[in-house]
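Notes follow the structure.
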Amino acid sequence: MGRGVANIIARQTPQLAPLNLKITRAAVRNLTPARQAEHPDIALTTDALSIVNDPNIQIIIEVLGGIDLPFALLQQALKNGKQVITANKDLIATHGRELTALAQQHHVALNYEAAVMGSIPILRTLNTNFAGDQITALAGIANGTSNFILSQMQAGSSYTEALQLAQQKGFAEADPTNDVEGLDASYKLLILSRLAFNLDPKLSSIQRLGITTLRRADFAAADFFGYTIKPLVQAIRQNQQLRLSVAPTLVPKNHALAGVANEFNAIQLASNNTNSLTLSGPGAGSLPTANAVVADLQAVALNLQAHLTPTNAATHLEAAENLDLPTQQAISLTSNGVVTGLDVATQLGIHGQIFASGDQLHLLTQAVDRHTVAQWQDALSHFVGIQLHHILPVYDPTVRGFVEKFQSDEKKMNITA
Ligand SMILES: NC(=O)c1ccc[n+]([C@@H]2O[C@H](COP(=O)([O-])OP(=O)(O)OC[C@H]3O[C@@H](n4cnc5c(N)ncnc54)[C@H](OP(=O)(O)O)[C@@H]3O)[C@@H](O)[C@H]2O)c1
């Protein structure tokens, strides 16, 4: 991504030219004479700390990756009074609050637009467009790798085939764990929740499910029920409470998020004044993401030119409590013939629509709370003769949460808008 940023700056567009931006130094791990010759006007070094401590540098862009080294470097950069831009979601999800406090203390900017959803200007939108509004819910596709894999499975591939294609195309890493287990999306959901709701949820309060147990049959069943399966991040707010989930989720086929395919990301915000706002675009890739870094750079440089003190996202976040809203579930089972999946479901009091094919049973259940889902999970996974594949949540676009102090008593009684 560093290369992408350098290439965009070199183009000197009409918006960038008046800012007189110049990349003077860059850190790399492997410094060779050939590499230096490629960039004669940028002094390369393997010593990133020397850049952070260079008194002639005003703005630091961190695109190294990792957590501990960039954390140490950016703490030092902020203490040295440098404006900081980073694309590092793992760092911001883990240490964002400390870094933001340090940036406030030293009256410098800490911008990280590229860290969440690549090219989509979601953080700037959350920071600047809702001053007189309250966001009540958000839902989106925040991980391009998972969305690519599920889109391929929807079109007929197996999970393994889809993952291999994603790796060939550079959409998945050799070790895809963070993406396919929903960790990457969980980090993004934490960052989004802080900015959208001014609340600070814990990683452990996110209901997280990876995509690795999905099979072709799940897509056929979802289709039968009128849904498609998307890797959804969701946050719903009621007062100080949030319900957060990252999971392959059944999304109604006619909903906007159902049409967001392959490596694309999207986010939909529900708020009191605006009702619904949707943004979508490429979630990764060198140029789309570098574009977000350059947008941060432009904002920082304009502030510097105007001698304005940057405003960073709020540091005084209130703790978020867990919200338990009943949700429909999609259960996927295989029975070995000793008992039928349907008998077992009936015994457990699971009601809903049924899609059966051979020994495979799919149930679209009534809306139930977390406790009931956990009870079903436990009972089904211990039932002799039944193999439980997974229980997936179903997205209800009409549930928009609410913020009590902004709404009338009548509306308080009704969480579905
Ligand atoms: N790529 C994307 O689409 C994307 C999207 C959103 C966010 N991000 C985030 O952006 C960051 C960078 O991603 P990337 O894909 O550009 O990674 P990358 O291709 O691995 O580039 C990292 C760069 O940092 C240099 N580097 C790493 N450790 C260093 C050290 N200790 N000292 C000096 N230089 C060091 C590497 O040097 P060498 O070249 O010598 O190894 C390399 O040039 C990550 O935080 C990632 O999560 C990436």
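Points worth noting:
- The stretch 56-173 shape via C-alpha gyration tensor axes, a/c threshold 1.5: oblate
- Exceeding the 27 Å Cα-Cα cut-off - candidates Lys202/Lys253; Lys22/Lys79; Lys169/Lys202; Lys22/Lys188; Lys89/Lys253; Lys89/Lys202: Lys202/Lys253; Lys169/Lys202; Lys22/Lys188; Lys89/Lys253
- In the stretch 329-393, the ratio of gyration radius to Kirkwood radius, Rg to Rh, stands at 0.91 when only Cα atoms are counted.
- Panel note: the C-alpha atoms of the stretch 123-284, placed on their principal axes, show extents of 47, 33, 26 Å (largest first).
- The phi torsions of the stretch 353-359, fed into the Karplus equation with coefficients 6.51, -1.76 and 1.60 and a -60° offset, translate into couplings of 7, 10, 10, 10, 8, x, 8 Hz, rounded to whole numbers, with Gly and Pro shown as x.
- Between the stretch 67-122 and the stretch 326-405, the C-alpha centres lie 42 angstrom from each other.
- Diffusion constant of the chain at 4 °C, which comes from Stokes-Einstein with the Kirkwood Cα-pair radius and 1.567 mPa s, µm²/s: 56
- Low-density loop positions, trypsin sites (Lys or Arg not before Pro), the stretch 9-90 - DSSP coil, at most 12 other Cβ in 10 Å: Lys22, Arg29
- In a reduced charge model with +1 at each Lys and Arg Cβ and -1 at each Asp and Glu Cβ, the stretch 123-284 shows a dipole moment near 360 debye about its Cα centre.
- Alpha-carbon Rg/Rh ratio, for the stretch 7-71, with Rh computed the Kirkwood way: 0.98
- Each of Ile149, Val108, Gly96 was scored by the projection of its Cα onto the charge dipole of the stretch 65-196, and the greatest displacement toward the positive side belongs to Val108; charges sit on the C-beta of Lys, Arg, Asp and Glu.
- The overall shape of the stretch 168-238 is oblate: from the C-alpha gyration tensor, with semi-axes ordered a ≥ b ≥ c, the ratio a/c is 1.5 or greater and a/b is no larger than b/c.
- Positive-pole candidate from Ala139, Ala270, Leu214, dipole of the stretch 123-284, charges at beta carbon: Ala270
Every number here is computed from the coordinates shown, using simple stated rules; none is lab data. In this text the structure is predicted, and so the values were computed from the model without any measurement. Cβ atoms come from the backbone with ideal geometry, glycine included; neighbour counts cover every protein chain shown.
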